[in-house]
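These notes concern the structure reproduced below.
The values are calculated or read from the model by the stated rules, or taken from the named source; none is laboratory data. This one's a predicted model, so the numbers in the text were calculated from it and none came from an experiment. Cβ atoms come from the backbone with ideal geometry, glycine included; neighbour counts cover every protein chain shown.
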Amino acid sequence: MLILRYNNKIKVMYLSINSNYQSFNSQLAKEEKNDCVVRSLATATNVQYETAHKFAEDFFGRINKRGTSNISIAAQMLRFETTGIEIGNKKFTLRILGKREIKNLYKLKGEQIWRKKTLKSFIQGHQQGTYMVMVAGHALTVKDGEVLDWNSNKFLPTRKVQAAYELNLKQEMQLSLFE
């Protein structure tokens, strides 16, 4: 629980943790470690853990139990921004969030500087939508203002956002001849 004070009004903000991130019913998930990108991808796209695991291996060069390189993620996400992502028979558009969405502008000694947003301020500005969020050495999902992460991380709202990717499910359009 976070207690925010704004104009002498107190607002309580909960960083609720969705249990889907940590409780995949999969033997592979139980045997893995350093798999936060896989878990974030699975929860953001609502696919099975094994599907996200295979995707991370094929596209991000993930090595079992060793994690995923941020450089390979960023490179592939640039490509996916134009081509979209297809995972588990679902198609998604992807948008890389720009500097104005993951950083705040501050005035310091008369000079304007950009600083990385905290997870808390990112969530406040992104109450709708699905985002894969990269923080230092970790990946998580923010879905409609709710954090999908390990339960032990729910009290770490001051982590700095390194990168964020918005995922939107593409709606398949079918033509009907008899309307």
- If we scan the range 143-153, do we find a residue that is basic (Lys, Arg) and modelled with pLDDT under 90? no
- the range 38-106: helices (runs of 4 or more DSSP H) wholly inside it with 2 or more residues that are in contact with a strand residue (DSSP E or B) (Cβ under 8 Å, 6 or more places away or on another chain) and among the hydrophobic types (A, V, I, L, M, F, W, C) are 49-60, 70-83
- Scan of the range 94-142 for residues that are among the basic types (Lys, Arg) and surrounded by fewer than 11 Cβ atoms within 10 Å (Cβ to Cβ), ordered by number: 99, 100, 107, 109
- Name every residue in the range 79-95 that is of a type in the set (A, V, I, L, M, F, W, C) and in contact with a Leu (Cβ under 7 Å, 6 or more places away or on another chain), in order of residue number. 80, 85, 92, 94
- Message: If I filter the range 117-131 for residues that are in a strand (DSSP E or B), without any contact (Cβ under 8 Å) to a residue 12 or more places away in the chain and either among the polar types (S, T, N, Q) or within 28 Å of residue 90 (Cβ to Cβ) (or both), do I get at least one hit?
- Response: no
